[in-house]
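Asks: Quick one: this structure, given as structure tokens, is what I'll be asking you about.
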Amino acid sequence: MNTWKETWSKSRAELLQPDELPGWYATRSRRRLIASVVILALALLWADVAVSWADAPGDGDELSDFALLAISTVLCIPAISLLNIATRGVVELSERDLDERQVAERLRTVAISQRIMSGILVALFVTALVGGSLPGPDYSMPADAIFSLALALMLTHFMLPLIVAGWRLPDPPGDDD
């Protein structure tokens, strides 16, 4: 009898195999366009961090925060779905559901994503270090900006491997006559 883990894994693998809307991700340039849409959605989340930090606490101007979050969500959900289907679940599925080529691609993708995320974290550290050493009033960050920063960091960390996989995926070989 199948366990719930096996059933879940099998259903995930089946969801990522059909060719739904293949024209949207059939070529490398279109997959890169979809990956760019996810990057734009993440950039909007990072812009939300800056907006949350710049807004004075208690202004009651949370509309811009919600608007940026809503636009990011609307852009992100279909783009992530298309990238998952285009990459055939290289990032999403467990290793036992992937062949050797897909496992190797996953390892390269994760390595590249880790380097990018390390750069982001170093940039944040340097920004906090420089910002904290500037003369002036005490250095503080509003609570909503901290929440926005945590959300942006988490989603960037989770989405980077999929973005890299979609960006790197080559075009399938042409038909031989």
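Asks: Out of the residues in the range 62-73 meeting the condition of being surrounded by 12 or more Cβ atoms within 10 Å (Cβ to Cβ) and free of Cβ contacts under 8 Å to residues at least 24 places away in the same chain, tell me which one is nearest to residue 155 (Cα to Cα).
Replies: 67
Asks: Please tell me if residue 106 is assigned to a helix (DSSP H, G or I), within 21 Å of residue 162 (Cβ to Cβ) and either modelled with pLDDT under 90 or of a type in the set (A, V, I, L, M) (or both).
Replies: yes
Asks: Does residue 4 meet the test of being surrounded by fewer than 16 Cβ atoms within 10 Å (Cβ to Cβ) and either of a type outside the set (D, E, K, R) or at pLDDT 80 or above (or both)? Don't jump to the end; show me each part of the working.
Replies: Working: surrounded by fewer than 16 Cβ atoms within 10 Å (Cβ to Cβ): yes; either of a type outside the set (D, E, K, R) or at pLDDT 80 or above (or both): yes.
Answer is yes for this residue.
Asks: In addition: Going by what's in this entry, would residue 142 be described as loosely packed, with under 10 Cβ neighbours inside 10 Å and modelled with pLDDT under 90?
Replies: In short, no.
Asks: I would also like to ask the following. How many of the residues making up the range 86-107 are of a type outside the set (A, V, I, L, M, F, W, C) and either surrounded by 13 or more Cβ atoms within 10 Å (Cβ to Cβ) or in contact with a strand residue (DSSP E or B) (Cβ under 6 Å, 6 or more places away or on another chain) (or both)?
Replies: 8
Asks: Among (1) among the aromatic types (Phe, Trp, Tyr); (2) modelled with pLDDT of 90 or more; (3) out of contact with any helix residue (DSSP H, G or I) (no Cβ under 8 Å at 6 or more places or on another chain), where does residue 46 come up short?
Replies: With (1) among the aromatic types (Phe, Trp, Tyr); (2) modelled with pLDDT of 90 or more; (3) out of contact with any helix residue (DSSP H, G or I) (no Cβ under 8 Å at 6 or more places or on another chain) applied to residue 46, the lone miss is (3).
Asks: Quick check on the range 61-84: of everything there that is assigned to a helix (DSSP H, G or I) and modelled with pLDDT under 85, which residue is nearest to residue 6 (Cα to Cα)?
Replies: The selected residue is 65.
Asks: Another one. With the condition kept exactly as written, say whether any residue in the range 85-96 is part of a helix (DSSP H, G or I) and farther than 30 Å from residue 5 by Cβ. Steps first, please.
Replies: Within the range 85-96, the subset part of a helix (DSSP H, G or I) is 85-86, 95-96.
Remaining after also requiring farther than 30 Å from residue 5 by Cβ: none.
No, there is no match, as no residue in the range 85-96 is part of a helix (DSSP H, G or I) and farther than 30 Å from residue 5 by Cβ.
Asks: Considering the range 97-114 alone, what residues qualify as being over 17 Å from residue 35 (Cβ atoms) and touching a residue at least 24 places away in the same chain (Cβ under 8 Å)? Steps first, please.
Replies: Step one: filter the range 97-114 for residues over 17 Å from residue 35 (Cβ atoms), giving 97-104, 107, 111, 114.
Scanning the range 97-114 gives a single hit, 97.
Asks: Exactly one condition in (1) at pLDDT 90 or above; (2) within 17 Å of the chain's Cα centre (by Cα); (3) surrounded by fewer than 18 Cβ atoms within 10 Å (Cβ to Cβ) is false for residue 126; which is it?
Replies: With respect to (1) at pLDDT 90 or above; (2) within 17 Å of the chain's Cα centre (by Cα); (3) surrounded by fewer than 18 Cβ atoms within 10 Å (Cβ to Cβ), residue 126 is out only on (2).
The values are calculated or read from the model by the stated rules, or taken from the named source; none is laboratory data. Given the structure is predicted, the values throughout are model-derived calculations rather than measurements. Cβ atoms come from the backbone with ideal geometry, glycine included; neighbour counts cover every protein chain shown.
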